[in-house]
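The values are calculated or read from the model by the stated rules, or taken from the named source; none is laboratory data. What you see is a predicted model; the values in this text were computed from it and never measured. Note that we place each Cβ from the backbone using ideal geometry, even for glycine, and neighbour counts take in every protein chain shown. Protein only, heavy atoms only, side chains kept; ligands, DNA and RNA dropped before computing areas. Shrake-Rupley method; radii C 1.70, N 1.55, O 1.52, S 1.80 Å.
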Amino acid sequence: MSVEVPLAHLDRPFDYLVSAADDEAAQPGVRVKVRFAGQLVNGFLLERAESSPHGGKLAFLDKVVSPERVLDPEVARLARAVADRYAGNLSDVLRLAVPPRHARAEAQATPPPVDPPPGSATASSLPAGVDAAGASDRPEVAAAASAEVVGVSVAMSSSHPAAAGGAVALGRPDRATPAFAFATAGAVASAPSQTTTSPTVVPDLSDQSPSAGAQQSDPGAEPGSAGGRSVQPGTVAEVQLAQVAEDQPTDAELDQTAARGDVRPEAGAHGWGIYPTGGAFMHALEQARPARAVWSALPGEDWPARIAEAARAVVRGGRGVVIVVPDARDLERLDQALTVVLGDGRHVALNAAAGPAERYRRFLAASRHRVPVVVGTRAAMFAPVADLGLVVIWDDGDDLHAEPRAPYPHARDVLLTRAQLADCAALVGGFARTGEAQLLLETGWAKEIVADRGTLRARSPAIAPTGDDPQLARDPGAVTARLPSLAWQAARGALQAGMPVLVQVPRRGYLPSTACAECRTPARCPHCSGPLGLAGSRDVPACHWCGRAAADYACPACGGRRLRASVTGARRTAEELGRAFPGFPVRTSGRDEILTTVPGTAAVVVATPGAEPVAEGGYGAVLLLDTWALLSRADLRAAEETMRRWLSAAALARPGPAGGRVVVVADGSLAPVQALLRWDPGWFAARELAERRELGFPPAARMASVTGKAEAVAEFLDAARLPDDVELLGPVPAADDQERMLLRVSRGRAAALARALHEAAAVRSVKKSNLPIRIQIDPAELL
């Protein structure tokens, strides 16, 4: 049993007896209630066994909450791997993976899957009597159809801090155990039995070298090691890593396949052919090969349709797909594309906005393997599917992919770990490219899917900065103007041609920040020293922290009572543009109201980053204003995030030959601006990764943060048996009178660091320390 107890020293399975009355319902994957330390707690049944290695007296299972098997073995193994990677507890990960039960939805029967059209590739690939989701009304046929479904046997590693005591393996008795499993060095390459536990080690996904895919890329790693763990010849880990490298198509193979046009006839009905290696990638998906790719989408690309086509190729091979997107708007677009490409009833969309009952009903459709494709936001990274063949994440740099609840996993890392464990294909796509995606390419774990320069020039809008020397010679005021003449002319030309104009503003609101009009001293609240802002043109200044109005504000430096804007928000920008372009409608898209689409007629759309609506036919002009607000943020990923937001907005413009223009109000010599002008996210990502590798920042290195009260952090570090090569940085002040300590190691030592942090947390929980601490691996915010 896995019990929901949030204590690190109890992060292990426990053995319970099952009564004869519960024998039929108590199957692996069901929810249960058990007595634990005198209390009735929830949990999951992981595995049934004939006997227990525990020598003491065992208690009986108290109750089977429901016979519904909601925890899939593959998801259980993934949850254990994620917990180990992020120094967390299995119960915390399972809370993220399995939604709360909704009894009424569970009692309703799931509609049967819609059969594919007769004669289609999906229909022809299934045995007689088996539906497209792998279900059958005949047990013997269903068993044969699911013979390729990978069964799992997961146990606590012998080096785990809570490994003492009886451990119960994960897995279903009716599922086949894989012939190969990741193991520690020196393990014997043999298939474990149903009741035998074996150590599970998830290799670092980016520690493979470009050539062999089995050596660590870190220069400090010893020869013949993988991720700091010794890999002896003939061990299971070496076999697995060698198989991954062998199955992955090489650049030469992709190029040769694309040049020959060697794709299946039905694969021609997709849009991936515009990319030199796109057709070969689709061919590999249909052949059920574990192809891994980093995709840089073209400007104006219909990315939901491309992802849906990739999902169709995998479904044709009889396997499942999990797709994760950042937000509900992207999910809606992808949901529609999947319906068009796959047909009705072939996928489910997991979204919290659907409500608890509907969301749980859709989860049950996935857990019962009634649909082959599951798409959703962050929580869908744990979605159960039968015989996983592809994982996809779109726009992996979006901060919405980072889980704010313990153990704070990132959707990209979870999906890549899942692809490694399931030996399936993976696709990391977006208009921009993160340092983590670039590392996958440089280590050879993934291949690149990009368009050639000729195609890129034909699809890209005309992009121009306002801060280069020729522009400054024509318009000297462009260096200080918020809307330089070049941007104004581009907007006016697009509006006169009957095309919409998109204006991206980094800040929402009216005037979120103000200053004294006389001496430029920032305006602060006289009560709490919070920043003063204006919500409208006729409003009085108000504090953003305490909410108090400051109608009689006087500057403490000069006594002045007039205020000026230091930061202009989206609503004030819309007001100014309405006066600059009279006769044209001005619409805003932001936190209060997010527009999904706008007509392709002449109008001005002012949007904050991430809220840009899609225009029919594309925008005639895209203006990127107040770029200093993005570039000057005190954040390690400030330049990368700026690049992502610019490319996402610029991708909505029409191609240059069709009149599309993008004007960025920034100095043309800056690296993000140069990458935008050439539309070269790969060059910028490689540059960012090289700088981080030189400075020792993620993803080139692994960092962990420990946040809490000063005495709690000191107690934690004293109890931690950290690896010898850990570098301590800090402490630095944190919110709520706390402090934060950063710990840095090489990528090859990440597992050892996570294990040491979890052991220290277990020591504190045994001592019943009442001061909480927060442990994060590779936190999004380092500065």
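A few points about this structure:
- When the surface is traced with a 1.4 Å probe over the full set of protein chains, Val726 keeps roughly 30 Å² accessible.
- Trp545, Trp488, ranked by accessible area, largest first (probe 1.4 Å): Trp545, Trp488
- The alpha carbon convex hull volume per residue for region 675-721 rounds to 101 Å³.
- For region 352-449, the calculated P(r) over all alpha carbon pairs, in 10 Å bins from 0 to the bin holding the longest distance, is 14, 44, 34, 8, 0 percent.
- Accessible area of region 536-685 belonging to carbon and sulfur atoms, whole % at 1.4 Å probe: 50 percent
- Dipole check for region 679-756: with +1 at the C-beta of Lys and Arg, -1 at the C-beta of Asp and Glu, and the Cα centre as origin, the magnitude is about 400 Debye.
- Put simply, the C-alpha atoms of region 655-776 give a gyration tensor, and the ellipsoid matching it has half-axes of 42, 17, 12 Å, longest first.
- Cβ-Cβ FRET estimate between Gln336 and Ala557, R0 fixed at 45 Å, reported to 0.05: 0.20
- Residues whose amide H falls under 5 Å from that of Leu563, counting only those 5 or more places apart or on a different chain, are Ala517, with hydrogens built in the peptide plane.
- Between region 1-72 and region 323-370, the alpha-carbon center distance in angstrom: 31 Å
- Start at zero, step by 10 Å, and the Cα-Cα distances of region 281-374 spread as 15, 47, 32, 6 percent across the bins.
- Solvent-accessible surface ranking, highest first, for Leu483, Leu338 at 1.4 angstrom: Leu483, Leu338
- For Ile323, the residues whose amide H sits under 5 Å from its own are Val374, Val375, Gly376, Val392, ignoring neighbours fewer than 5 places away on the same chain, with H placed 1.01 Å from N.
- Of Lys57/Lys709; Lys33/Lys57; Lys63/Lys709, pairs whose Cα-Cα distance is over 29 Å: Lys57/Lys709; Lys63/Lys709
- For the set Ile594, Ile777, the ranking by accessible area, highest first and with no ligand, DNA or RNA atoms included, is Ile594, Ile777 under a 1.4 Å probe.
- Straight-line reach from Lys447: taking Cα to Cα under 29 Å and skipping same-chain neighbours fewer than 8 places apart, no lysines fall in range.
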